[in-house]
Amino acid sequence: YVMSSGSYDYFQFVQQWPPTNCRVRMKRPCSNPRPLQYFTIHGLWPSNFSNPTKPSNCNGTKFDARKVYPEMRSDLKISWPDVESGNDTKFWEDEWNKHGTCSEQTLNQFQYFERSHEMWMSYNITEILKNASIVPHPAKTWTYSDIVSPIKAATGRTPLLRCKYDNNTQLLHEVVFCYGYKAIKQIDCNRPGCKNKIDIKFQ
Ligand code: 5GP
Ligand code: 5GP
């Protein structure tokens, strides 16, 4: 049995905190189209347990914007905006080409975007954290488990936190939910994320 380049074990559904993304990657606040203060979709990544950054860029169907229009377009503009330049369609295209093409044995292009939006709808991370008094703050810090605990309590599954580094500061950047092969059942994530011995800022 030979694994094809597009085979994967599970999905990582990655949501990002826009202010951290722009601050670290663009060195300035998100401006276009507006400074969002809620977690937005980065992507749905089919992944392998043994080689987590694979697969990617599979030989699949080319992105066709018509497949996400018009039904999904207005939803995705809220859940999956390009927080850097406002070029939403281009961001969807990049994510489809890099990640979506590797999941076509399970999700066609329409389903890939529809399922991602449903995942985003199913839990509001921004609200979950707010209810645990975890809100953006310039100085306050949290431990890894401070942030994971309320999300785990709400979803029943262990999420993964991904951080970006700004000088020596660890900033919460992304929250990952993991799903089984069919992208239906949520499972525990178990790959390393933010350094859990260092405090995390959420700004
Ligand atoms: P980063 O520098 O944010 O860790 O990762 C850069 C890129 O590598 C991500 O945008 C994503 O495309 C890919 N990548 C990182 N981690 C994973 C992973 O666990 N699974 C998959 N499929 N891709 C990943
Ligand atoms: P990974 O390679 O899958 O999917 O994604 C990493 C890339 O995602 C980064 O290089 C960055 O360009 C992109 N990224 C993250 N957030 C955004 C966004 O809001 N807009 C765009 N265009 N790219 C983003």
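Search the range 71-85 for residues being in a loop (DSSP other than H, G, I, E, B) and within 19 Å of Trp120 (Cα to Cα), and hand back the single one that is nearest to the chain's Cα centre (by Cα).
At the first step, the residues of the range 71-85 found to be in a loop (DSSP other than H, G, I, E, B) are 71-72, 80-85.
Restricting the remaining residues to those that are within 19 Å of Trp120 (Cα to Cα) gives 71-72, 80-83.
Numbers: Glu71: 22, Met72: 18, Trp80: 9, Pro81: 12, Asp82: 13, Val83: 13 Å.
Checked the range 71-85; the qualifying residue nearest to the chain's Cα centre (by Cα) is Trp80.
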Query raised in the report: Within the range 116-135, is there a residue that is farther than 21 Å from Asp75 by Cα and touching a strand residue (DSSP E or B) at 6+ places or on another chain (Cβ under 7 Å)?
Result: yes
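Look at the range 112-133 and say how many of its residues are surrounded by fewer than 16 Cβ atoms within 10 Å (Cβ to Cβ) and of a type outside the set (Asp, Glu).
Filtering the range 112-133 for residues surrounded by fewer than 16 Cβ atoms within 10 Å (Cβ to Cβ) gives 118, 121-122, 124, 127, 130-131, 133.
Subset that is of a type outside the set (Asp, Glu): 121-122, 124, 130-131, 133.
Selection size over the range 112-133: 6.
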Query raised in the report: Which number in (1) in a loop (DSSP other than H, G, I, E, B); (2) surrounded by 21 or more Cβ atoms within 10 Å (Cβ to Cβ) marks the one condition that Pro46 misses?
Result: (1)
Query - Count of the range 128-166 residues which are assigned to a helix (DSSP H, G or I), closer than 25 Å to Gly180 by Cβ and without any contact (Cβ under 8 Å) to a residue 40 or more places away in the chain - result: 9
Query raised in the report: Filter the range 97-111 for residues that are part of a loop (DSSP other than H, G, I, E, B) and surrounded by fewer than 19 Cβ atoms within 10 Å (Cβ to Cβ); which is farthest from ligand 1 (Cβ to nearest atom)?
Result: Asn108
Requested in this report: Answer with yes or no whether Arg23 is crowded, with 17+ Cβ neighbours inside 10 Å, away from ligand 1 (no atom under 11 Å from the Cβ) and part of a helix (DSSP H, G or I).
Outcome: yes
Query raised in the report: When Met119 is evaluated against the numbered criteria (1) in contact with a Leu (Cβ under 8 Å, 6 or more places away or on another chain); (2) under 14 Å from Trp45 (Cα atoms); (3) away from ligand 1 (no atom under 16 Å from the Cβ), which criterion, by number, is the only one it fails?
Result: (3)
Query raised in the report: Given the conditions (1) more than 14 Å from ligand 1 (Cβ to nearest atom); (2) charged (D, E, K, R); (3) surrounded by fewer than 17 Cβ atoms within 10 Å (Cβ to Cβ), and given that Asp94 satisfies all but one, which numbered condition is not satisfied?
Result: (1)
Query raised in the report: What is the one condition in (1) modelled with pLDDT under 95; (2) at negative phi that Asn131 does not satisfy?
Result: (1)
Report task. Considering each residue of the range 172-201, count those that are surrounded by fewer than 20 Cβ atoms within 10 Å (Cβ to Cβ) and in contact with a Ser or Thr (Cβ under 8 Å, 6 or more places away or on another chain), and give that number. Result -> 7
Query raised in the report: Which of the residues spanning the range 168-191 are under 29 Å from Val24 (Cα atoms), free of Cβ contacts under 8 Å to residues at least 60 places away in the same chain and outside any loop (DSSP other than H, G, I, E, B)?
Result: Thr169, Gln170
Query raised in the report: When you look at Trp80, is it within 12 Å of ligand 2 (Cβ to nearest atom), surrounded by 15 or more Cβ atoms within 10 Å (Cβ to Cβ), free of Cβ contacts under 8 Å to residues at least 60 places away in the same chain and over 23 Å from Gly193 (Cβ atoms), yes or no?
Result: no
Report task. With the checklist (1) assigned to a helix (DSSP H, G or I); (2) crowded, with 21+ Cβ neighbours inside 10 Å in hand, flag the one item Gln15 doesn't pass. Result -> (1)
Query - When residues of the range 83-98 are limited to those that are within 16 Å of Thr40 (Cβ to Cβ) and in contact (Cβ under 8 Å) with a residue 40 or more places away in the chain, the one farthest from ligand 2 (Cβ to nearest atom) - result: Gly86
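The values are calculated or read from the model by the stated rules, or taken from the named source; none is laboratory data. This structure is a prediction, so every number in the text was calculated from the model and none was measured. Backbone-built Cβ (ideal geometry, glycine too); neighbour counts: all protein chains shown.
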